[in-house]
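Notes follow the structure.
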């Protein structure tokens, strides 16, 4: 909403608009321009994509989805490990300090 109606004329305008974002609770967004070069044309196989723990949402699941935390390759998670990891991550994100 910060840049609604404002022309995005440069990368810096985009970064500044993102950095100006605040939530109702006061959360601030940090943004910076990444000028690194990245290889193009990388692709993953259908098997690799199918192995991702992607959970589509009920509304427009092809656009709205959650990628769940994954365990290390070749390991089996103990019962409830993903739920505990998610809870710990959410608690860390909610910590104002």
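The values are calculated or read from the model by the stated rules, or taken from the named source; none is laboratory data. Quantities reported herein were computed from a predicted structural model and do not represent experimental measurements. With ideal geometry, Cβ positions are generated from the backbone for all residues, glycine too; neighbour counts draw on all protein chains shown.
Pairing residues of the stretch 16-43 that are in contact (Cβ under 8 Å) with a residue 24 or more places away in the chain and in the same structural domain as residue 6 (by TED's automatic domain parsing) with residues that are assigned to a loop (DSSP other than H, G, I, E, B) and surrounded by 11 or more Cβ atoms within 10 Å (Cβ to Cβ), at Cβ distances under 9 Å and at least 6 apart in sequence or on separate chains, gives no pairs at all. I'd like the full set of residues that are surrounded by 10 or more Cβ atoms within 10 Å (Cβ to Cβ) and within 26 Å of residue 93 (Cβ to Cβ), limited to the stretch 1-27. Within the stretch 1-27, 2, 3, 14, 15, 16, 17, 18, 19, 20, 21, 22, 27 meet the criteria. Residues in the stretch 16-56 that are assigned to a loop (DSSP other than H, G, I, E, B) and in contact with a strand residue (DSSP E or B) (Cβ under 7 Å, 6 or more places away or on another chain): 52, 53.
Examine the stretch 86-93 for a residue that is surrounded by 12 or more Cβ atoms within 10 Å (Cβ to Cβ) and either touching a strand residue (DSSP E or B) at 6+ places or on another chain (Cβ under 8 Å) or modelled with pLDDT of 85 or more (or both), and state whether such a residue exists. No, the conditions are met nowhere in the stretch 86-93. Suppose the filter is surrounded by 11 or more Cβ atoms within 10 Å (Cβ to Cβ), in contact (Cβ under 8 Å) with a residue 12 or more places away in the chain, within 28 Å of residue 84 (Cβ to Cβ) and under 19 Å from the mean Cα position of the chain (by Cα); does residue 56 pass it? Taking the combined requirement at face value, the residue does not satisfy it.
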